[in-house]
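Here, each number is a calculation from the coordinates, and none is a lab measurement. Because the structure is a prediction, the values reported are computed rather than measured. Here the Cβ positions follow ideal geometry from the backbone for every residue, glycine too, while neighbour counts run over all protein chains shown.
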Amino acid sequence: MKKLLSFVFATIMISCGNNVKPQQEEVIEDTIIKENSIGTLREIHINKSITISKQKYVYKYDFVRDESLPIVRNPQGDDYYDNKVTLSIKKQGSEIFSQTFTKKDFAKIVPEKFMEKSALIGFTYNYARNDNSDALYFIATVGDPDETADMVFPIQIRITPQGNMTMEKAPNLDTEPINPMTLDPADDIGV
């Protein structure tokens, strides 16, 4: 998780000098632990505008816990609420994409054994991928909700200017799922 977060922040810092001009509004709420000892991740609400190839896009996403989803028990035996993210994209003021994602939306990409003890733990816009494409790229992360764990599986979501979506395992990220998840990351060469 720390590696992925470092990558995301480094990507944002490096790509700000590229042909991408973000304007942002971010709200990140603090982590809340419920009295019933079910953990929850921070809620994130993002609303940004960006210009790519002289086209203005506005993307908005809300990453929130969803108490209607099954509780996730991570490899350490801790319980967490799972999350969902709602993404909408407008191009030149017209909505071209809108969808709510849960971890089940990535079941064809993420290994089943890994998915069992994981939650949807992150979502971010990937500035680095706009250097050579008109599409918008996002990274969804499925993994152990314990913020000290490095067990994550990043998924790249590509949205074209027409609003078409494709998904695949995020290329060129140095994080890999540990399978089985009970392995110590130091024993695995991928993390």
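In nm, what is the difference between 0.36 nm times the number of residues separating Lys60 and Thr100 and their Cα-Cα distance? Intermediate results must be reported in sequence, preceding the final value.
Numbers: separation 40, 0.36 × 40 = 14.40 nm, distance 1.16 nm.
Gain in length upon complete extension: 13.2 nm.
What the phi angles of the range 133-147 give under the Karplus curve with 6.51, -1.76 and 1.60, with θ = phi - 60°, is a coupling list of 8, 8, 6, 9, 10, 10, 10, 9, 10, 10, x, 5, x, 5, 5 Hz, glycine and proline written as x. Measuring against 24 Å, Cα to Cα, the residue pairs Lys54/Lys84; Lys48/Lys91; Lys91/Lys169; Lys48/Lys117; Lys54/Lys90 contain Lys54/Lys84; Lys91/Lys169; Lys48/Lys117 as the ones spanning a longer distance. The H on the amide N of Asn126, modeled in the peptide plane, is under 5 Å from the matching H of Tyr137, Phe138, Ile139, each at least 5 residues off or on a different chain. Set the Förster distance to 22 Å, then compute FRET efficiency between Thr86 and Met167 from the Cβ-Cβ distance, nearest 0.05. It comes out at approximately 0.85. Residues Val110, Val142, ranked from the fewest to the most other C-beta atoms within 10 Å, line up as Val110, Val142.
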